[in-house]
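A quick write-up on the structure given underneath.
The values are calculated or read from the model by the stated rules, or taken from the named source; none is laboratory data. Remember, predicted model here, so these are calculated numbers, not experimental data. Positions of Cβ are backbone-derived with ideal geometry, glycine not excepted, and every protein chain shown enters the neighbour counts. Just so you know, the surface numbers come from the protein's heavy atoms only, side chains and all, with ligands and any DNA or RNA stripped out. Shrake-Rupley method; radii C 1.70, N 1.55, O 1.52, S 1.80 Å.
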Amino acid sequence: MEVLVLSNLYPDEVRPACGVFVQYQVSKLSQRGHEITVLSPHPYVPPIPGLPEQYRRLHSQVQYERKESGVHVKYPRTLSLPNPWTQPVTALVSRFRSKNWVQQLESSNCDPDIINVHVAQPNGYAALAMREYFDVPLVTTIHGADVNLLYDQVVNRYFIKKSA
């Protein structure tokens, strides 16, 4: 089975411990013979006055793709701002960007049988268009921030419900 994992919680060279639970799941699926492609959108933070430079530079050091233990990992960029209230903007931009992500996946011959998304907001919302394009099931794994931080906000709640 070919599995597409969409998660901004996937380790990279800047944050090697981030999302190790997703990496562990990917590793076990790969060991069982499944072909795995990971799409881990990383923030592009525009130069906004007053925004700490360290936040803008953090993800700029992450390479765009790599291969690890037979798993192809892609790190496309998407607009992101460091505030829970801006998450609806991130979700909308990610959904719009997902058309480009589909093109990148197709160019690398990725034709998933299923899409597994980690976090409903913004990844799950972005994956809705990808699910329709590939015409495959979508499994959304919701972690703490989806329900503990974002769910209280009306627009975020709508996106979470839509993608869960």
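Amide H contacts of V38: V5, H72, V73, K74, each under 5 Å away and 5 or more positions distant or on a separate chain (H built 1.01 Å from N in the peptide plane; Pro and chain starts excluded).
Assuming R0 = 25 Å, can you tell me the calculated FRET efficiency for the pair V102 and M1, based on Cβ-Cβ distance, to the nearest 0.05?
Details: r = 19 Å, r/R0 = 0.76.
Efficiency, rounded to the nearest 0.05: 0.85.
For E106, the accessible area of its heavy atoms, probed at 1.4 Å with every protein chain present, is near 90 square angstrom.
Counting protein heavy atoms only, the stretch 16-64 has 55 percent of its accessible area on carbon and sulfur, 1.4 angstrom probe. Accessible surface for the stretch 1-106, divided over its residues, is 53 Å² per residue with a 1.4 Å probe.
Let's test the formula: R0 of 22 Å, r as the Cβ-Cβ distance of E132 and Y64. What FRET efficiency results, to the nearest 0.05? If you can, show how the numbers build up before the last one.
Values: r = 25 Å, r/R0 = 1.15.
Efficiency at R0 = 22 Å is approximately 0.30.
For the set Y10, Y64, Y133, solvent exposure ranked by accessible area (probe 1.4 Å, protein chains only) runs largest to smallest as Y64, Y133, Y10.
Could you rank K67, K74, K28 by how accessible they are, 1.4 Å probe, largest area first? Write out the running numbers ahead of the final one.
Numbers: K67 145, K74 10, K28 80 Å².
In descending accessible area the options line up as K67, K28, K74.
Between the amide H of T78 and those of H42, Y44, distances stay under 5 Å, these residues lying 5 or more places away or on another chain, with hydrogens modeled in the peptide plane. Ranked from largest to smallest solvent-accessible area, with a 1.4 Å probe on the protein heavy atoms, M130, M1 come out as M1, M130.
Were the residues from V89 through I48 laid out at 0.36 nm apart, the gain over their Cα-Cα distance would be 13.2 nm.
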